[in-house]
Amino acid sequence: MLPNTTYLTATQAAEYLGVSPATLYSYVSRGLLRSEPAGANSRSRRYLASDVYALRQRKEQRRNPATVAAAVLDFGEPVLNSGITLILGGQLYYRGYDATHLAREHSFERVANLLWTGELSEPSPAQPLPASWLALLDHVPPQTTPLAALQSLLPLVQTLDPSAHDISPSAVARLGQAIIQLLIAIIGGNPRAPSVVDGLLSAWQPSLPNAAALLNAMLILTADHELNISSFTARCVASTGAPPHAALAAALGALQGPRHGGQTLRCEAFLREVAWDGPQAVTNRLRRGDHLPGFGHMLYPDGDPRGHYLTEAALAVAPDSSAASVVRTARDTVFAQVGQEPSLDFGLVAAGRILGLPSGAPLLIFALGRIAGWIGHMIEQYQADHLIRPRARYNGPQPRLE
C-alpha cells in the first residue's frame, strides 16, 4: 500500500514498485520518476509519491487491464488527468495549495479564480445578472427547492444566453460567476452583493459576529474534491461538447442525491435526534443498523480535514451555545462508539446549526461552493477536447444461437 505521505524514500519507492534500487534509479534517468535531495546536507534522494503511484498504475494496467478497469469507478485507480485537486497524505490541495490554509486566509472568490485559472488572485468583477434571467424566478412554483429551481431554470437561461455555446475558459468562468449569483437570488439573497458571503448574509442574516469567516470557509472547503460524482458528471457532459449550462444542470442533479450532497440533509436529521435524545441517539441508530451520516470517509482513513476544520471553526464561534453542545455530543459519541471522525457533511451541518441557518442551508452552501469546482473541471475538460466513454463489463446472458 502507498504510504500516507507526499514523498517516499528510495527504499519505500523500490518496495512499492517491486523493483531493485538500480531499476528505480533507471526510472529517474528515463524521466519516469522525479527525485530531489532529501535534505540540504544529505546525499540521499526522495521521490514524489504521486509519481511512484502513477508508475505502478501504468505497470498494473499493462499486466492486467481488465482487473484495473473493473475497479476504477468505485474509489479505485485514477481514470483521467486533472491539475485541479490532489488528495494525498490525508490532506486536500487545490492546485498545490492546502485547502484548509486557503479557507483560513483567502476569500472564496480568490479560490474560485485559482480553480478556474491557476492564479490565486481576485477575479474580474461579476457582471450584473440580465433582467431576463431574474424574471424567470417569478415562474418558479412556490414549493420548489432552490436547487431544483436552479436546475430547472438552467435550460431556459441557456436559451437567453447569447454566449451559451462559447466554451472558452473565460466565457465558462463568467458563466460560473453568473450562476452563483443566480442561485443567491433564488435563495433570497442579494445577487449584486460584493461577495458570495455578503449575498448569503443578506439572505440568512446570522447574528454571530464571525459568521462571514465561517461561511467563507464552508464555501472554500466544498469547492472541489477531485472526481466526485457531480464533478465527474459535469466532465462527462462537457466532454460531449454540450454547453456548460447543460453540464451544470447534470451536476446539480447528481449533487442532490442522498449519497452525495444530499447527505447533509440526513446529517441534519441525525443532529436533530441528538438534540432530542443526546448520546442515546447514536446508540439507537447503531442498534437499528442505521447509518451514521456525516462520519468517516474512504479517502481519509485518519479523518477528513474538511470536516475537522469546519467542526472546530464552528465550535469556536459559539462554544457555550446549546447548538455547540449538540455538535460536541454527536462528534464525541460517534468517535467513542465507532471511532469515526466528522466528514465534510457533518462539518457543514455543524456550522449551519451553530450559525442558526435554516434547514437545507448546508446543502445550498455545498452547491454554491461546488459550482466553482464544476466550472474548473469543465474548463479543463473542454480544453482536453476528448470524449469520456468508459466501457462496461458485460455480465448478462451470452448471445443465443438460433
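Values as computed for the structure displayed
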read-out	value
Residue within segment 87-95 that is modelled with pLDDT under 75 and part of a loop (DSSP other than H, G, I, E, B) present	no
One residue from 278, 294, 257, 289 being within 26 Å of residue 378 (Cβ to Cβ) and not hydrophobic (A, V, I, L, M, F, W, C)	257
Residue within segment 196-203 that is modelled with pLDDT of 95 or more, part of a loop (DSSP other than H, G, I, E, B) and acidic (Asp, Glu) present	no
Total residues in segment 9-61, condition surrounded by 16 or more Cβ atoms within 10 Å (Cβ to Cβ) and acidic (Asp, Glu)	1
Matching residues, segment 68-85, being modelled with pLDDT of 80 or more and either acidic (Asp, Glu) or part of a helix (DSSP H, G or I) (or both)	none
Conditions (1) surrounded by fewer than 18 Cβ atoms within 10 Å (Cβ to Cβ); (2) of a type in the set (Lys, Arg); (3) touching a Leu at 6+ places or on another chain (Cβ under 6 Å): number failed by residue 95	(1)
Failed condition for residue 135, given (1) modelled with pLDDT under 95; (2) surrounded by fewer than 12 Cβ atoms within 10 Å (Cβ to Cβ); (3) of a type in the set (A, V, I, L, M, F, W, C)	(1)
Criterion: farther than 30 Å from residue 319 by Cα and assigned by TED's automatic domain parsing to the domain that holds residue 112 - qualifying residue of 234, 212, 217	234
Evaluation of residue 212 against (1) in a loop (DSSP other than H, G, I, E, B); (2) over 18 Å from the mean Cα position of the chain (by Cα); (3) surrounded by fewer than 19 Cβ atoms within 10 Å (Cβ to Cβ) (one fails), failing number	(1)
Inter-residue pairs, beta-carbon under 6 Å, first modelled with pLDDT of 55 or more and among the acidic types (Asp, Glu) and in segment 1-12, second part of a strand (DSSP E or B) and surrounded by 13 or more Cβ atoms within 10 Å (Cβ to Cβ), 6+ apart	none
Residue list for segment 91-148, restricted to those being more than 21 Å from residue 249 (Cβ to Cβ) and in contact with a Pro (Cβ under 7 Å, 6 or more places away or on another chain)	91, 92, 100, 109, 113
Whichever residue in segment 238-247 is among the aliphatic types (A, V, I, L, M) and in contact (Cβ under 8 Å) with a residue 40 or more places away in the chain and, among such residues, is surrounded by the fewest Cβ atoms within 10 Å (Cβ to Cβ)	246
Criterion (within 21 Å of residue 79 (Cα to Cα), in contact (Cβ under 8 Å) with a residue 24 or more places away in the chain and small (Gly, Ala, Ser)) met by exactly one of 234, 275, 250	234
Filter result for the condition that a residue is touching a Lys or Arg at 6+ places or on another chain (Cβ under 9 Å) and either in the same structural domain as residue 227 (by TED's automatic domain parsing) or assigned to a helix (DSSP H, G or I) (or both), over 193, 178, 126, 148	126
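The values are calculated or read from the model by the stated rules, or taken from the named source; none is laboratory data. Not measured: the values here are computed from a predicted model. Cβ atoms come from the backbone with ideal geometry, glycine included; neighbour counts cover every protein chain shown.
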